[in-house]
Protein chains: 2
Amino acid sequence: MPDNQESPEIIHRIEPDTSVETAALFDQLVSLLDSGTDEQLAQHLHGFHHSDLADAFGLLDRPLRKRLIDVVKTELDPDLLFELEDHLRKEVTDSLTAREVAEVITEMDSDEAVQVLEDMDEGDRAEVLSSVPQEEREDIEVGLAFPEESAGRRMQTDVVTVGTNWTVGQTIDYLREESDLPEEFLDLFVVDEDARPVGIISLSQILRSPRSTLMREIADETQVLVPAVTLQEEVALLFEKYDLTTAGVIDASGKLLGMITVDDVMEVAREEFEEDILLLGGVGEETIDDGVLQSSAKRFAWLLVNLVTAALASLVISMFDATIEQMVALAVLMPIVASMGGNAGTQTLTITVRALATKELTSYNTMRAIRKELLVGVLNGFLFALLAGVATVFIFGDLGETSILLGGIIAGAMVINMIVAGLSGVVLPVLLDRWGVDPAVASGVFVTTVTDVVGFFAFLALASLVML
Amino acid sequence: MPDNQESPEIIHRIEPDTSVETAALFDQLVSLLDSGTDEQLAQHLHGFHHSDLADAFGLLDRPLRKRLIDVVKTELDPDLLFELEDHLRKEVTDSLTAREVAEVITEMDSDEAVQVLEDMDEGDRAEVLSSVPQEEREDIEVGLAFPEESAGRRMQTDVVTVGTNWTVGQTIDYLREESDLPEEFLDLFVVDEDARPVGIISLSQILRSPRSTLMREIADETQVLVPAVTLQEEVALLFEKYDLTTAGVIDASGKLLGMITVDDVMEVAREEFEEDILLLGGVGEETIDDGVLQSSAKRFAWLLVNLVTAALASLVISMFDATIEQMVALAVLMPIVASMGGNAGTQTLTITVRALATKELTSYNTMRAIRKELLVGVLNGFLFALLAGVATVFIFGDLGETSILLGGIIAGAMVINMIVAGLSGVVLPVLLDRWGVDPAVASGVFVTTVTDVVGFFAFLALASLVML
């Protein structure tokens, strides 16, 4: 039984005066997919909001999902297709002919159509596009011409623009009479003769100004305009920073090509965060819905890298096998230093990667961050050296004087490794960022390799020095 | 020298026809803070967008920031105060009198004022509130009455509502004439006599309908209404799922209390993501700007937990010290199994925690996820058993038959630990989630404890069995 996907108290009115429980709807869907007729299913699907239905796709297992696709594809809702996660959307488009896909995307906003098409193979995409009417096709092709994950790919080409000499009254009349406008929009652009935006204005400002007011007088000139090649991640940061609802997208000459709205940016921001969190966890682009073979293959690469780096740590240990043979207590204690370093390094790394992503860490304060991590490493290093050292002396008390030696060795190695952990946790991601590599990609493996190698080496080398 | 905080091509027009480079502005700010007069500084600050200035606060070190605060506080911009990160905002309010804070927050929207006040001590808050004019104070107190991180705290009480019998024309006239409306709004609510919302309508729809149309005819009844006690994290998921620009916030009787808009939700979504990513990295609520002592203290707790769990792993090793004494190669190889398990567990954990947060993993597909992780563990377990086993036989070749024994031991332990890693990586966060604990909080430490203990135990126990 599915549990409540949503708190039951959240009212989501699908029809007037009816509060619908998503969880109950989903339960019924599962049982109908299992044993209902196509008609019963089609009937039941009318009660779903397209976003809820898109979520349901992700929860179903393959056989039930296959049946659901067969039912929805006869009359495919463009909103549903757009809301599906990438890999689920691909399952649906793969089950349709090129002409059928073309029909659905023709009904979408250009930015949505671009997102459906960008996941398809080059060949399929061309076939679909050839069946899209010319006007819509041209809009879509403008978007597809820009690189993946750029503002140009995410923009909607349908924008409402008015001239610099327009009045509020003229604008309101135009909005009421013109039929070829986007379905929903939050802001208008005031543009000059060369289609360059000179200001942006929200509908609430228009509605609250006298009809005779000139648009350019009330337009906000503090506008944020992004070139079409800007990374979408950059765009999301700008929206959050300046609390934007709409940003204009311009070409190299400053001409307005389209706009990006805040609802699209919410999704971009989520994708970018997911990417970071998964990379830091050593997983690539994996979803909960990937099959066993897909998941195993995606994780294999990072595990292989980890096997190599773990072998490196073993190599360090093997350099001291004679020392360990002399005192097996060293083998018992050595993982502690490595593990503490690994954790301290991961802490610093997490803070640093986030601060780089949100641009709170720039070259202006890098040195300050490094100095700070050095000091934190020293401070926590000495604290944990004391704790681990005293505990060791106490626990290995029956070894007599040797217990004091062991305590000293673990304390010394702890200080060294915690300092190295702090420094590598900040320096490695900063360097990767400077070199143009996403710091979340590889920092985790690098940092724990450093702390493992340094941890084992410091501990065992100190031991062999002391015991000479 | 600060590097470009923003791609230089992004145009951010602060004044008409002037493209301002944020990085250059910041450079000048630093040098003026260092050696300029207060007048020069005040003059320079006029060129800043409040969001850029808020970012600059975070980059400056304490002495320069102190000077900046002294300059801005004489004529504090409410937008600037609101945009500051929590800890920086607190620095500013601490330097102001209660009356001065009250003056600034009176100019804010109620949701913004609530956010400023919620970070203050109970006593300071009461003092500030007593200086806020009654009307604004009442609005603020409505928000503060709800729990932290709830929809009630994030809502703006200033909402535009119209009656069910209003026409478009009446509405437009009302918007133009009424002076007590929010500065910016994207949607209107249609409410019944009991102030219960019956529909929501965007300004673009109003503008595009004939004046005689009844508002309730064009209002969208598919509205999402959240009770004021809903968690803000839940609200952010709803906005993303249903592509909302505005959601109504209601009380227990269904009466409209206020609204939440998408720009506020962007920030909530970011905060919630940051929280997850930091928790997974074993850091609490830390920012790049925390001092050495603060950071050390915040990280200490997790490191202490890790010290205890690392000691647990050592305890397991010590159970087999006689075996290690017999063959020191075991000490060399044993970290490999533990490390591979730790990484595989972290991979599964990351996927699971994300899927729980986005509700892609519900009780409907939990068993499927567990079965999948079991199979991935078996598959990658056997692959890496083979790799590590063969490599061991090869590298320890000069030990003769013993090398084959060692290879077998590491292979067997690897299979066991990779399976345990996969299972614990999915089962532990799911259990924490069921028990109402944020799965990101503790899963990391628990999972690596399990994989360390099982890894060392499986490897050394197999070895002592084989060598008996």
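Among the residues of region B:355-370, those that are facing chain A (nearest Cβ under 7 Å) and open to solvent by less than 40 Å² (accessible area, probe 1.4 Å) comprise B:355, B:361, B:362, B:363, B:365, B:369. Any idea which of (1) within 11 Å of chain A (Cβ to nearest Cβ); (2) closer than 26 Å to residue A:304 by Cβ; (3) not basic (Lys, Arg) is the one residue B:390 doesn't satisfy? Answer for residue B:390: the failing condition is (1). Restricting region B:371-398 to residues that are closer than 16 Å to residue A:302 by Cβ and open to solvent by 40 Å² or more (accessible area, probe 1.4 Å), the residue that is nearest to the chain's Cα centre (by Cα) is B:379. Residues of region B:255-280 that are facing chain A (nearest Cβ under 8 Å) and touching a residue at least 12 places away in the same chain (Cβ under 8 Å): B:262, B:265, B:269, B:276, B:280.
How about region A:147-201: which of its residues are without any contact (Cβ under 8 Å) to a residue 60 or more places away in the chain and β-branched (Val, Ile, Thr)? Listed by number, the residues that qualify are A:160, A:162, A:164, A:167, A:168, A:171, A:172, A:190, A:198, A:200, A:201.
Determine whether region B:260-279 contains at least one residue that is of a type in the set (D, E, K, R) and touching a strand residue (DSSP E or B) at 6+ places or on another chain (Cβ under 7 Å). Checked region B:260-279: no residue is of a type in the set (D, E, K, R) and touching a strand residue (DSSP E or B) at 6+ places or on another chain (Cβ under 7 Å). Residues in region A:1-22 that are open to solvent by 20 Å² or more (accessible area, probe 1.4 Å) and modelled with pLDDT of 50 or more: A:11, A:21.
To keep it simple, each residue is scored yes or no on (1) open to solvent by less than 10 Å² (accessible area, probe 1.4 Å); (2) farther than 18 Å from residue A:106 by Cβ; (3) of a type in the set (S, T, N, Q); (4) modelled with pLDDT under 90.
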site	(1), (2), (3), (4)
A:47	no, yes, no, yes
A:51	yes, yes, yes, yes
A:54	yes, yes, no, no
A:61	no, yes, no, yes
A:70	no, yes, no, no
A:76	no, no, no, no
A:83	no, no, no, no
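One residue stands out among those in region A:205-241 that are surrounded by fewer than 21 Cβ atoms within 10 Å (Cβ to Cβ) and small (Gly, Ala, Ser): the one that is farthest from the other protein chains (Cβ to nearest Cβ), which is A:212. The listed residues are B:329, B:344, B:313, and the only one of them that is open to solvent by less than 50 Å² (accessible area, probe 1.4 Å), at pLDDT 90 or above, facing another protein chain (nearest Cβ under 7 Å) and more than 25 Å from the chain's Cα centre (by Cα) turns out to be B:313.
Among residues of region A:401-416 that are within 21 Å of residue A:380 (Cβ to Cβ) and not assigned by TED's automatic domain parsing to the domain that holds residue A:459, none has a Cβ under 6 angstrom from a residue that is open to solvent by 40 Å² or more (accessible area, probe 1.4 Å) and part of a helix (DSSP H, G or I) at a sequence gap of 6+ or on a separate chain.
With respect to the stated conditions, residue A:293 fails to be open to solvent by 50 Å² or more (accessible area, probe 1.4 Å) and more than 30 Å from residue A:87 (Cβ to Cβ).
So, of the residues in region A:23-56 that are away from every other protein chain (no Cβ under 11 Å) and part of a loop (DSSP other than H, G, I, E, B), which turns out to be nearest to the chain's Cα centre (by Cα)? That would be A:48. Take residue B:94 and tell me if it is surrounded by fewer than 20 Cβ atoms within 10 Å (Cβ to Cβ) and either more than 28 Å from the chain's Cα centre (by Cα) or closer than 21 Å to residue B:289 by Cβ (or both). So residue B:94 fits the description; yes.
Let's see how each residue does on (1) surrounded by fewer than 21 Cβ atoms within 10 Å (Cβ to Cβ); (2) of a type in the set (S, T, N, Q); (3) not assigned by TED's automatic domain parsing to the domain that holds residue B:266:
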| residue | (1), (2), (3) |
| --- | --- |
| B:133 | yes, no, yes |
| B:136 | yes, no, yes |
| B:145 | yes, no, yes |
| B:172 | yes, no, no |
| B:176 | yes, no, no |
| B:182 | yes, no, no |
| B:192 | yes, no, no |
| B:197 | no, no, no |
| B:202 | no, yes, no |
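When the criteria are applied in full, residue A:379 fails the requirement of being touching a helix residue (DSSP H, G or I) at 6+ places or on another chain (Cβ under 8 Å), more than 7 Å from chain B (Cβ to nearest Cβ) and of a type in the set (A, V, I, L, M).
The values are calculated or read from the model by the stated rules, or taken from the named source; none is laboratory data. Remember, it's a predicted structure, so these values are computed and weren't measured experimentally. So basically every Cβ, Gly included, is an ideal-geometry build from the backbone, and we count neighbours across all protein chains shown. The protein model used for the area step is the full one, side chains on, heavy atoms only, and it has no ligands, DNA or RNA in it. Shrake-Rupley method; radii C 1.70, N 1.55, O 1.52, S 1.80 Å.
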